[in-house]
1. Can you tell me how many residues within region 125-176 are part of a loop (DSSP other than H, G, I, E, B) and either more than 24 Å from V39 (Cβ to Cβ) or hydroxyl-bearing (S, T, Y) (or both)?
2. Across region 207-222, what is the number of residues that are in contact with a helix residue (DSSP H, G or I) (Cβ under 8 Å, 6 or more places away or on another chain) and either within 17 Å of I172 (Cβ to Cβ) or at pLDDT below 95 (or both)?
3. S2 is checked against (1) modelled with pLDDT of 95 or more; (2) under 20 Å from R198 (Cα atoms) and fails just one. What number does that condition carry?
4. May I ask you to verify whether T68 is open to solvent by less than 10 Å² (accessible area, probe 1.4 Å) and either more than 14 Å from V149 (Cα to Cα) or among the β-branched types (V, I, T) (or both)?
5. Under the condition of being over 16 Å from L41 (Cα atoms) and charged (D, E, K, R), which residue from region 168-190 is surrounded by the most Cβ atoms within 10 Å (Cβ to Cβ)?
6. Check I33, I7 and return the single one that is open to solvent by less than 80 Å² (accessible area, probe 1.4 Å) and in contact with a helix residue (DSSP H, G or I) (Cβ under 8 Å, 6 or more places away or on another chain).
7. With respect to V193, determine if the residue is of a type in the set (V, I, T) and open to solvent by less than 50 Å² (accessible area, probe 1.4 Å).
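The values are calculated or read from the model by the stated rules, or taken from the named source; none is laboratory data. Quick caveat: nothing in here was measured; it's all calculated off a predicted structure. Ideal geometry is used to build each Cβ from the backbone, glycine not excepted, and the neighbour counts take in all protein chains shown. Surface accessibility is based on the protein's heavy atoms, side chains included, excluding ligands, DNA and RNA. Shrake-Rupley method; radii C 1.70, N 1.55, O 1.52, S 1.80 Å.
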Amino acid sequence: MSEVLRIEVAGKTWPAVAGRQPHAVLGRLDLGIERGSFVVLTGPSGCGKSTLLNIVAGLDREFEGAVTFTPADQHVTYIFQRPRLLPWRTVRENIALVLPDGDPRHLRIPAMLARVGLEDAADAYPERLSLGMQRRAALARGFILEPSVLLMDEPFVSLDDPTAQGLRQLLIDLWQRQPTTVLFVTHDRAEAVTLGTRILRLGGAPASIIGDAVVRLERDQRSNRDAVQSEQRRIFG
């Protein structure tokens, strides 16, 4: 597969604030991300995973290095930890909000809502939805944009296990139906193995890539807990 994204970071330092010393969060990183891959970035809390994702998204430009997309006009979408639905708009309106007026993709919203199981909640406001349903709406909003690159920052955190498992499967179903390149952040090793085609491990201070592994499980093996645990041991030790 061809490379869609190259991440070259020489360093990222948080400046001194309120008498605290500057903090070097990221060291040297040089990564190539292949088109159509599902890359999972793992590591302990606070190690710089979200910082790196923000750098890729262009939300943080205060770093040494460069992020290069091929071609340069890639359509990048970001799904955050919190669903970020506007409370005064319905589910349908929240999804439509990301599309320009007159965009033909507006016609795909009903089908997308059906795909994520929210067709009966299209006219509901976010406060009427469970957190799991809100995150389904966030997935629908992300995929309706047909992104070339999809960035996801722990989108299933704080959910009970059955709900999280259902959303992971929904994500894979959407990704297989509408292929895109995914860069997904999590600290959950089982989630990393369940979802990813490749796992990058971030560690150290300042952080760098300390592990880079291809997941060997076929998709139909990833619902098998023993198989996931075995692959997890192989990758993480």
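1. Filtering region 125-176 for residues part of a loop (DSSP other than H, G, I, E, B) gives 125, 129-130, 145-148, 154-160.
Add one more test, that the residue is either more than 24 Å from V39 (Cβ to Cβ) or hydroxyl-bearing (S, T, Y) (or both), and what stays is 125, 129-130, 148, 158, 160.
Matching residues across region 125-176 total 6.
2. The number of residues fulfilling the criteria is 6.
3. Exception for S2: condition (1).
4. Details: open to solvent by less than 10 Å² (accessible area, probe 1.4 Å): no; either more than 14 Å from V149 (Cα to Cα) or among the β-branched types (V, I, T) (or both): yes.
For T68, the condition - open to solvent by less than 10 Å² (accessible area, probe 1.4 Å) and either more than 14 Å from V149 (Cα to Cα) or among the β-branched types (V, I, T) (or both) - is not met.
5. Of region 168-190, the ones over 16 Å from L41 (Cα atoms) are 169-180.
Filter once more, so that each one left must be charged (D, E, K, R): 173, 177.
On the way: D173: 12, R177: 9.
Top of the filtered list is D173.
6. Values: I33 fails: in contact with a helix residue (DSSP H, G or I) (Cβ under 8 Å, 6 or more places away or on another chain).
Matching residue, one of I33, I7: I7.
7. Values: of a type in the set (V, I, T): yes; open to solvent by less than 50 Å² (accessible area, probe 1.4 Å): yes.
Taking the combined requirement at face value, the residue satisfies it.
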